[in-house]
Amino acid sequence: MTLTISRRQFATGAAALVGTLAAPPVWAIAGDEDARLDAFFERIWQRGIDRNPVRQSQLGIKRDQDKWTDISDARAIETMDLLKQDLATLRTFDRAKLSPQAQISYRIFAENAEESIAGFALRRDDYIMTQMGGLHTRIPITLLNAHPIGDLADARAYCARIEGVGPLLGQVVIELDRQEKAGVRPPRFVYALLIEPSENMLRGRPFDAGPAECPILADFRAKIAKANLPDTEQAALLARAEAGLTGPFGTGYRTLIAHLTAAQAAADDRDGVWKLPQGALFYRQQLKSYTTLPVTPAELHKLGLDQVARIHDEMAQIQAKVGFAGTLQGFFTYVRTDPKFFYPATDAGKAAYIADAERLLAEVHARQGELFTRIPKQAVVVRPVEAWREKSAAKAFYQNPPQTGSQPGVFFINLYDLKAQPKWQLAATLYHEAIPGHHFETCIAHDLDGLPRFRRFASNAAFSEGWGLYSERLAKEIGLYPDPYDDFGRLSLELMRACRLVVDTGIHAMKWTRKQAVDYMDANMPSSHYDNQREVDRYIVLPGQACSYYVGMRKIVELRERAKARLGARFDIRAFHDTVLGNGPLPLAILEQTIDAWVAAGGKPVSA
């Protein structure tokens, strides 16, 4: 998966696209309406980057490397006020004079802004910290993965960020307290998953006398050594880093841990967002935001039940093909428990897993030209999730490369529990996260120079995760699951996305308990009880997000089949994929209009 946000979060995500500059209002310049609109969007994008030092680092911009992003409520209110101003300005443009592509940009910005403004009153219903993400993990991820050190200025900025962790986490505690006073807190089980990675930041030197260094100090030492800085400078920098770690960094994390520990004692075991002050409204908004369609919990629940039954039938066909006698549940037990389907829980087993992933990546890389004419310039590599966060991190996920091209995209695989990573799921997982999945979808969008950057760098769960699930299916269509067990693995992941529709709506609209949800997964999935529990825990803290996968995939398949029927022999799968990805992440209704227009044009390749 990628780290996607809902459209309702536009104001603080893709539209922290607001801020203040002394520059004149560039949208007021005379000239072509498209050019004026592009200038307007570019100004907004630049303001957003100026206000978000962490986003700068993610994009490889070395500007405010010594700062963290302001996450206070006052800043959020200011951002919302500016977004309202921008929406008012947008409406001064003459839509009739805009090109079709500019019309899409206008509509996306307007709809996202309207949704963000309408949902701003519910901002506290979104959990600030969960096991899926929060500043407790964003801080080390930024330092370790998005703060390179090439010179003395970079190193000093790294030290300044270490020193700034105390005030930043102080802001987090203030906002947690504000949220809790509003009656919003995650279920009790979440807190241990927040405290553990936070405590891991304070293990190792300089926090204790053990042989190992804490993750941040070890990373800093390695980076300044690689930068070949003078020995005297390195010594001074290390001393400053250690002082920052034992001082404000350590103080910030200990304050956060103390707050979480106290909040844990006051939490309860109600799992759905129906328990929140405006829970029913919040969940409906989340579903609309994540799926980009006006779907209801009841519709999604039924769709999930229907698809679970269909996929079970297809799995039974594979069961017969491999000659396994017995029930489908018996087959599930077999693939879940037989040692031949798992890597050994050893360093050698982990190395073998990575090696097989790299082999599969090379194979699909060699076939990518069959599916696309647009090929990402950036490479993608396989890496294990770092030890400090592997216990709470997702099973697998993709991290896009910085715009500088200094690093590749990364397919991260979690090797904490190899029993949760059966061999038969590796191929489909890789195709989803890397090629032809998120690596293609993300990098192609980022390289679309003809689009405004708020579109190229948008986060749209239905589009992105729908494409990822579609990619698993697409790999089968070109023969990349020769082993029937690998194809079973593909079906198991599609089954999980269908079960998500049932379980997400069950938890948040039908008041299912965590146990009910896990029991449903155990009864219908081949994955382990531990794995199912982790999945359910994710759905609990990200209401609605899990529904985006199947909804998005079904829409892409529907559009492809419609295009094939209408174009006949003129249909080119590569041109179809180039068109889907060649306009950046789109809400599904706009994607449908885009594909229909492409079909009407005869199915010729379209460039943004």
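Bridgeable lysines around Lys604 (alpha carbons under 17 Å apart, same-chain partners fewer than 8 residues away excluded): Lys564. Helices in the chain, meaning DSSP H runs of at least 4 residues, each add -39500 (n - 2.57). Divided by all residues, the mean residue ellipticity at 222 nm is -19500 deg cm²/dmol. The 3J(HN,Hα) values that the Karplus relation (6.51, -1.76, 1.60; θ = phi - 60°) gives for the range 266-276 are, in residue order, 9, 6, 10, 9, 7, 9, x, 6, 4, 6, 6 Hz. Gly and Pro appear as x. Within the range 95-110, whose backbone N sits under 15 Å from a point 7 Å along Cα→Cβ of Ala589? Residues 104-110 qualify, since their backbone N sits under 15 Å from the label point. Using the Cβ-Cβ distance between Asp313 and Thr232 with R0 set to 56 Å, the FRET efficiency from 1/(1 + (r/R0)^6) comes to roughly 0.20.
For Lys181, list the aspartates and glutamates whose Cα falls under 16 Å from its own Cα; do not include residues on the same chain fewer than 8 positions away. Filter leaves Asp73, Asp125, Asp126, Asp268.
Straight-line cross-link reach from Lys67 at under 15 Å between alpha-carbon atoms covers these aspartates and glutamates, not counting any fewer than eight positions away in the same chain: Asp50, Asp154, Glu163.
In percent, rounded to a whole number, the relative contact order of the range 127-269 is 39, using alpha-carbon pairs under 8 Å and six or more apart. Note on Ala239 and Ala96: the extension gain reaches 45.3 nm, defined as 0.36 nm multiplied by sequence separation minus the Cα-Cα distance. Under the rule a/c < 1.5 gives rounded, and otherwise a/b versus b/c splits prolate from oblate, where does the range 389-446 land using the Cα gyration tensor? It comes out oblate by the Cα gyration axes. First check a/c for the chain, with a ≥ b ≥ c the square roots of the eigenvalues of its C-alpha gyration tensor; if it is under 1.5, answer rounded, and if not, answer prolate when a/b is larger than b/c or oblate otherwise. Because its axes are fairly even, with a/c under 1.5, the chain counts as rounded.
Across the cross-link table entries Lys340/Lys391; Lys84/Lys377; Lys511/Lys555, which are compared at the Cα atoms, the separations over 31 Å belong to Lys84/Lys377. Does the range 127-269 classify as rounded, prolate or oblate by the C-alpha gyration tensor (a ≥ b ≥ c root eigenvalues; a/c under 1.5 gives rounded; else a/b over b/c gives prolate, otherwise oblate)? Judged from the Cα gyration tensor, the range 127-269 comes out prolate (a/c at least 1.5, a/b above b/c).
Read-outs throughout are calculated quantities, based only on the coordinates presented, and are distinct from any laboratory measurement. Predicted model, so just to flag it, every value in this text is computed and none were measured. Glycine also receives a Cβ, built like all others from the backbone with ideal geometry; neighbour counts cover every protein chain displayed.
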